[in-house]
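Colleague: Supplied in structure tokens, the structure appears directly below.
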Amino acid sequence: MIVLLAMTGFARAQAVWVDYAWAVEPAKENRFFAAVDKFTNSDAFSNFEGRMLVNAHTANGAQPQNFSFAVIYEDLATFEATQAQLNGTADWDRFRKALAANGSLVSETVYTHVKGWGEINNENFAWEGAAARVTDPANYIARLSRLMDSNIMADAPLSIDVWRVTAGGAPGVSHIVVFGGDSWSEMESFRAESAKNPDFVAAIAGMAKVRTLLGALWTRTAASYGPLDLNSLR
């Protein structure tokens with residue numbers, strides 16, 4: 001079922017998020033980000049059509065990464081075209097070598113966008129990512145949609161986006177649910193207040209029938225590059 005949905009998602013030209021997780025020692029952070037700054041001002045990057053968020057990790061359990069590049073494209077074709085344009089260029093080669101000299105690549109994961117709600121700040125956002133195993137994706141999205149379209153979430157100070165794991169990823173994780181807001185405290189306060197509402201509790205319990213949470217991480221955008229408005233992907 002998940003494979004079928006993935007194929008359908010690509011046919012609809014859904015957005016693609018490629019995540020590159022890095023472990024960078026404090027002594028090498030300046031050189032690592034100098035390489036990012038140099039590349040994003042290069043000729044090779046000038047034609048980039050997506051959005052690249054450099055995220056600093058605050059809490060991610062036992063995972064070794066402390067930074068990641070969340071590179072979002074309008075669709076899979078744009079991702080492939082970008083890779084083809086970069087391959088073999090001197091700017092891209094220097095960038096990859098500089099990153100490798102100052103950090104360690106931990107993982108690469110490709111996600112496909114499923115559905116989202118709420119306004120996203122393209123430049124500076126606090127993020128909470130919840131890893132989940134979803135046994136019935138259609139059922140889960142229908143339940144979440146009913147909650148998000150209800151009065152319960154009318155004043156929610158956050159955005160929510162569901163992404164399907166398409167390639168790579170941790171074993172057992174089928175989806176990542178990404179919450180974005182101006183601050184973690186604001187998002188957590190809203191969640192705590194919502195937990196007092198029986199209808200909210202019932203909706204979450206219903207989703208739990210087809211969705212198991214496997215872990216969570218907190219990140220914040222340290223830098224943002226590219227022209228793509230993430231709100232346009234909805």
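The values are calculated or read from the model by the stated rules, or taken from the named source; none is laboratory data. Everything numeric in this text was worked out from a predicted model, so none of it was measured. Please note: Cβ atoms are built from the backbone with ideal geometry, for glycine as well, and neighbour counts cover all protein chains shown.
Colleague: Applying the selection to the range 14-70, what residues are closer than 16 Å to GLY169 by Cα and surrounded by fewer than 21 Cβ atoms within 10 Å (Cβ to Cβ)?
Modeller: Result: TYR20, ASN60, GLY61, ALA62, GLN63, PRO64, PHE69.
Colleague: When residues of the range 147-182 are filtered for being within 23 Å of ALA21 (Cβ to Cβ) and of a type outside the set (A, V, I, L, M, F, W, C), how many remain?
Modeller: 12
Colleague: In addition: Criterion first (surrounded by 13 or more Cβ atoms within 10 Å (Cβ to Cβ) and under 20 Å from the mean Cα position of the chain (by Cα)) does GLY181 satisfy it?
Modeller: Judged against the criteria, GLY181 is a match.
Colleague: Continuing with this model, one more query. When you scan the range 39-61, how many residues do you find that are outside any strand (DSSP E or B) and either farther than 18 Å from ASP19 by Cα or touching a Gly at 6+ places or on another chain (Cβ under 8 Å) (or both)?
Modeller: 10
Residue-by-condition table, conditions (1) of a type in the set (D, E, K, R); (2) under 23 Å from ASN122 (Cα atoms); (3) out of contact with any His (no Cβ under 9 Å at 6 or more places or on another chain):
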position: VAL24; (1), (2), (3): no, no, yes
position: ASP43; (1), (2), (3): yes, yes, yes
position: PHE48; (1), (2), (3): no, yes, yes
position: THR58; (1), (2), (3): no, yes, yes
position: SER68; (1), (2), (3): no, yes, no
position: GLU80; (1), (2), (3): yes, yes, yes
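Colleague: Looking at (1) under 25 Å from ALA27 (Cβ atoms); (2) touching a residue at least 24 places away in the same chain (Cβ under 8 Å); (3) surrounded by fewer than 20 Cβ atoms within 10 Å (Cβ to Cβ), find the lone condition where ALA100 falls short.
Modeller: Every condition holds for ALA100 apart from (2).
Colleague: Related question: Inspect all residues belonging to the range 200-218 and state whether any of them is modelled with pLDDT of 95 or more and within 14 Å of the chain's Cα centre (by Cα).
Modeller: So far as the range 200-218 goes, yes, one or more of its residues are modelled with pLDDT of 95 or more and within 14 Å of the chain's Cα centre (by Cα).
Colleague: With ASP149, ASP155 as the choices, which residue is acidic (Asp, Glu), surrounded by fewer than 21 Cβ atoms within 10 Å (Cβ to Cβ) and within 18 Å of GLY206 (Cα to Cα)?
Modeller: ASP149
Colleague: Mind checking which residues of the range 143-167 are out of contact with any His (no Cβ under 8 Å at 6 or more places or on another chain) and within 16 Å of HIS113 (Cβ to Cβ)?
Modeller: LEU144, SER145, MET148, SER159, ILE160, THR166, ALA167
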